[in-house]
Structure formats: C-alpha cells, structure tokens
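None of the figures in this text is laboratory data; all of them are computed from the coordinates on show. Keep in mind that this is a model prediction, so the values were computed, not measured. Note that each Cβ is placed from the backbone with ideal geometry, even for glycine, and that neighbours are counted across all protein chains shown.
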Amino acid sequence: MAQETNQSLVPTPCANGCGFYGNPRTNGMCSVCHKEHLSRQNNGSVSTLTSLGGSTGSAAEASAIQRLEATLTNAAAAAVAAVESAAEAAASAQAAASEAFSEVSTAVSVTQQMTEMSLSREEKEATGSKVEFSDPVLTQPSCSAAPPSTAGSEQTKEPEPQKPKKNRCFMCRKKLGLTGFDCRCGNLFCGLHRYSDKHNCPYDYKAEAADKIRKENPVVVAEKIQRI
C-alpha cells in the first residue's frame with residue numbers, strides 16, 4: 001500500500017509539454033495550460049453562437065428588406081393612381097369649364113345682337129317721330145316761345161338760402177358751436193372771455209344792482225301825527 005501511494009504521488013510533467021508538472025485534476029496539465037484550454041473552448045463556443053446569430057440576423061434583415069420593398073412598391077403604385085385620377089379630374093373640369101364658357105359666350109353674343117336690334121328699332125322710331133313733328137314746330141310763331149324762357153330764367157335766378165352764421169367768440173373769434181356764453185352786453189364769448197373784466201363789458205352792473213335794491217327795499221315813512 002505504501003508503495004502504491006508513493007507511486008501515485010510522483011509528479012508527472014504537463015501534457016502540453018510546457019516543462020511544468022501537471023495535475024490529474026486538470027487533465028494532466030498545469031494550471032496555466034488548463035486556463036488556456038478552457039479559454040479556447042469558451043472562444044470556440046462563442047464563435048459558433050455568433051455564426052448562428054449572424055445567419056439568423058441576415059435572414060431577418062432579408063425579410064425586413066423584402067417587406068420594405070413591398071410597402072414601397074405599394075405606396076408608389078398608390079401615388080401613381082392618385083396622380084392619374086387627379087389628372088383625369090382636372091381634364092374633366094377643364095372641359096366642363098370650356099363648355100360653360102362657350103355657352104356663356106354664345107348667350108352673350110345673342111343678347112348683344114338682340115339689344116343692338118332693339119336699339120336700332122328705337123332709333124328708327126325716334127327719327128320717324130321727329131320727321132313727323134318737325135313741320136308743326138317750325139310753323140309756330142317766335143313770340144309765343146319767348147315767355148317760357150323768361151319764366152325759366154326767373155326761376156333760375158331765385159336767391160339761394162343764406163347759410164347760418166357760425167357762433168364765434170366776440171374777442172378771439174373762436175368757433176363755439178353750442179358751448180358759447182351769452183353776456184348781458186349782447187355778445188357771445190368763449191370760456192376764457194366770458195367774464196366782464198376779460199372782454200371790457202360796457203354793461204353797468206352797479207346801476208342795475210342799485211335799481212334792484214331800490215325796488216326790493218322801498219322807503220317806509222310813518223305818517224305824521226295830526227295834531228288836534
């Protein structure tokens with residue numbers, strides 16, 4: 001038993017031949033070589049996953065591109081159909097407008113012809129009536145035609161109504177309208193010259209006041225006592 005244990009404890013070199021001793025737990029490789037082996041395995045699995053993902057991504061992109069192309073073609077077809085329908089509608093509207101314009105022009109020409117014919121008839125009738133009534137007008141005496149002209153001239157010579165005078169201040173000649181102030185001297189004044197000391201009013205206010213006081217306060221004299 002002791003010999004077996006001693007033989008099992010004898011170190012063995014690394015399986016990769018790096019010069020270090022290996023360990024049976026790490027598949028006969030040293031720790032460094034075992035880490036590198038694990039990293040290589042991980043990189044290989046990642047590369048396989050990326051290749052699978054790339055193939056699936058390319059398929060999805062191709063389907064998306066096909067969908068976009070289909071939508072673009074449908075949109076282009078719809079736009080072309082809309083443009084064609086708009087062009088047809090514009091052409092029909094233009095044709096209808098031209099027909100309406102032609103109808104209106106024909107109607108206008110017919111109305112013009114009718115009016116010209118009616119005017120020519122009226123002119124002919126007027127000229128015939130003038131020719132018929134020309135002789136009696138010439139035979140009338142000249143004296144009978146004179147009085148109406150004088151009456152018309154008298155009517156035209158009637159005097160025009162005089163314009164109402166504008167209210168102006170007697171001092172500054174300012175237009176007052178309805179805001180003037182009448183003074184006792186008989187003139188009209190503005191707000192600045194309405195006072196008697198502003199326009200040198202000639203009215204005697206003192207005499208008027210004295211007369212008013214004299215009338216309101218008569219002199220009361222008692223009768224004299226008659227002696228017996």
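Take E208 and S196, extend 7 Å from each Cα along the Cα→Cβ direction, and tell me the distance between the two endpoints in nm.
0.7 nm
Amide H to amide H, which residues 5 or more places from N23 or on other chains are under 5 Å from it, using H placed in the peptide plane?
G28, M29, C30
From the backbone phi of region 95-104, what are the Karplus-calculated ³J(HN,Hα) couplings (6.51 cos²θ - 1.76 cosθ + 1.60, θ = phi - 60°) in whole Hz, Gly and Pro given as x?
Working through the residues one at a time gives 5, 5, 5, 5, 5, 5, 5, 5, 5, 5 Hz.
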